[in-house]
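I have placed the structure first, in the form of structure tokens, so that the comments after it can refer back to it.
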Amino acid sequence: MIATKFGWNFDADGKTIGLNSRPGYIREMTEGSLRRLGVEAIDLYYQHRVDPEVPIEDVAGTVKELIAEGKVRHFGLSEAGVRTIRRAHAVQPVAALQSEYSLWWREPEDEILPTLEELGIGFVPFSPLGKGFLTGKIDETTTFDPTDVRNTVPRFSPENRRANQAMVELVTRIAAEKQATPAQVALAWLLARRPWIVPIPGTTKLHRLEENLGAVDVELTADDLREIEDASSRITVQGARYSESSQRMIDR
Ligand SMILES: NC(=O)c1ccc[n+]([C@@H]2O[C@H](COP(=O)([O-])OP(=O)(O)OC[C@H]3O[C@@H](n4cnc5c(N)ncnc54)[C@H](OP(=O)(O)O)[C@@H]3O)[C@@H](O)[C@H]2O)c1
């Protein structure tokens with residue numbers, strides 16, 4: 001399955017300059033993606049962020065046309081709120097929502113997951129390892145490349161990383177009990193939430209890809225899940241998950 005997204009506006013140098021989900025621009029982006037990927041159709045085409053300038057019905061209608069033309073197979077949204085999801089779904093059924101969800105970002109449980117369940121839409125949690133934090137390989141002394149987005153995330157300030165270690169200690173404790181790794185427990189927890197939840201951990205390393213795939217064999221029992229629930233409910237995660245400018249792009 002090849003999945004990609006549209007929704008950012010690019011300048012001539014390929015730098016992103018805000019959002020752009022205007023129908024003509026979606027079509028332009030689609031042709032570019034098909035050419036670069038070397039495929040006849042994009043299996044799953046997500047809108048990356050909801051564009052407040054373009055009614056979601058126009059976006060869904062454009063993707064509907066692209067599906068009819070055989071260029072796209074399924075429609076997805078990312079970080080869309082429930083009202084937008086319902087409006088889009090009424091025009092073109094939404095196959096999947098890709099939004100952040102993990103042990104340290106559980107907002108989707110309030111409104112998003114019940115709505116997806118009702119409408120029969122799959123959920124694809126991004127940053128399921130808390131951008132690497134939940135793996136236990138990051139602490140307050142870790143430094144990131146200057147281009148790394150985590151430098152701009154309040155949750156990754158050194159003091160918040162120190163404060164948030166409690167969540168890592170929890171995952172590490174469960175991992176020891178299950179003879180698994182913390183990353184596998186963080187992913188197994190997501191997989192245990194609903195059968196239609198499919199996390200997408202990111203890594204640049206083959207051995208970690210293999211480790212992360214091993215999460216499907218980590219079975220968390222009802223007791224394990226209760227222990228995680230009890231312990232995590234006593235932890236208050238410190239720091240926002242996004243910088244203010246990134247947060248402004250989130251549709252709620
Ligand atoms: N829709 C959206 O707006 C959106 C936003 C953000 C991300 N995403 C997508 O979501 C996916 C993953 O999200 P993400 O990369 O932000 O966060 P993530 O999957 O939570 O964490 C990735 C980080 O964890 C490290 N890592 C991965 N597996 C590990 C392991 N087993 N042990 C130790 N460290 C491990 C990786 O480093 P190494 O590379 O060094 O292994 C990387 O720094 C990507 O496909 C990304 O494109 C989508």
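The values are calculated or read from the model by the stated rules, or taken from the named source; none is laboratory data. Here the structure is a predicted model, which is why all the values come from computation and not from measurement. So basically every Cβ, Gly included, is an ideal-geometry build from the backbone, and we count neighbours across all protein chains shown. Protein only, heavy atoms only, side chains kept; ligands, DNA and RNA dropped before computing areas. Shrake-Rupley method; radii C 1.70, N 1.55, O 1.52, S 1.80 Å.
A few notes on this one:
- So R173, is it under 21 Å from the mean Cα position of the chain (by Cα) and part of a helix (DSSP H, G or I): no
- Qualifying residue in the range 140-151 (condition: within 15 Å of the ligand (Cβ to nearest atom) and open to solvent by less than 30 Å² (accessible area, probe 1.4 Å)): no
- Hits in the range 112-124 (condition: outside any loop (DSSP other than H, G, I, E, B) and either over 15 Å from the mean Cα position of the chain (by Cα) or over 17 Å from V198 (Cβ atoms) (or both)): P114, T115, E117, E118, L119
- Sole residue being over 30 Å from S232 (Cβ atoms), open to solvent by 10 Å² or more (accessible area, probe 1.4 Å), in contact (Cβ under 8 Å) with a residue 12 or more places away in the chain and of a type in the set (D, E, K, R), chosen from R35, R87: R87
Here's the yes/no breakdown for (1) more than 10 Å from the ligand (Cβ to nearest atom); (2) under 24 Å from Q47 (Cβ atoms); (3) open to solvent by 10 Å² or more (accessible area, probe 1.4 Å):
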| residue | (1), (2), (3) |
| --- | --- |
| E111 | yes, yes, yes |
| I121 | yes, yes, no |
| R161 | yes, no, yes |
| N164 | yes, no, no |
| L170 | yes, no, no |
| R173 | yes, no, yes |
| L187 | no, no, no |
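- Residue tally, condition within 19 Å of K131 (Cβ to Cβ), assigned to a helix (DSSP H, G or I) and either among the basic types (K, R) or not assigned by TED's automatic domain parsing to the domain that holds Q165 (or both), over the range 194-237: 1
- Residue check for I42: open to solvent by less than 50 Å² (accessible area, probe 1.4 Å) and assigned by TED's automatic domain parsing to the domain that holds G70: yes
One line per residue, one yes/no per condition, for (1) touching a Gly at 6+ places or on another chain (Cβ under 7 Å); (2) polar (S, T, N, Q); (3) farther than 29 Å from Q47 by Cα; (4) at pLDDT 95 or above:
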position	(1), (2), (3), (4)
V216	no, no, no, yes
T221	no, yes, yes, yes
D230	no, no, yes, yes
G239	no, no, no, yes
E244	no, no, no, no
M249	no, no, no, no
R252	yes, no, no, no
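- Residue within the range 126-133 that is closer than 24 Å to Y46 by Cα, in a strand (DSSP E or B) and in contact (Cβ under 8 Å) with a residue 12 or more places away in the chain present: yes
- All of (1) under 19 Å from E79 (Cα atoms); (2) buried (at least 19 other Cβ atoms within 10 Å of the Cβ); (3) among the β-branched types (V, I, T) hold for T16 with one exception: (2).
- Among the residues of the range 90-109, the ones that are away from the ligand (no atom under 11 Å from the Cβ), open to solvent by 40 Å² or more (accessible area, probe 1.4 Å) and closer than 26 Å to N160 by Cα come to 3 in all.
- Exclusive hit being among the acidic types (D, E), in contact (Cβ under 8 Å) with a residue 12 or more places away in the chain and touching a Phe, Trp or Tyr at 6+ places or on another chain (Cβ under 7 Å), set E111, E100, E140: E100
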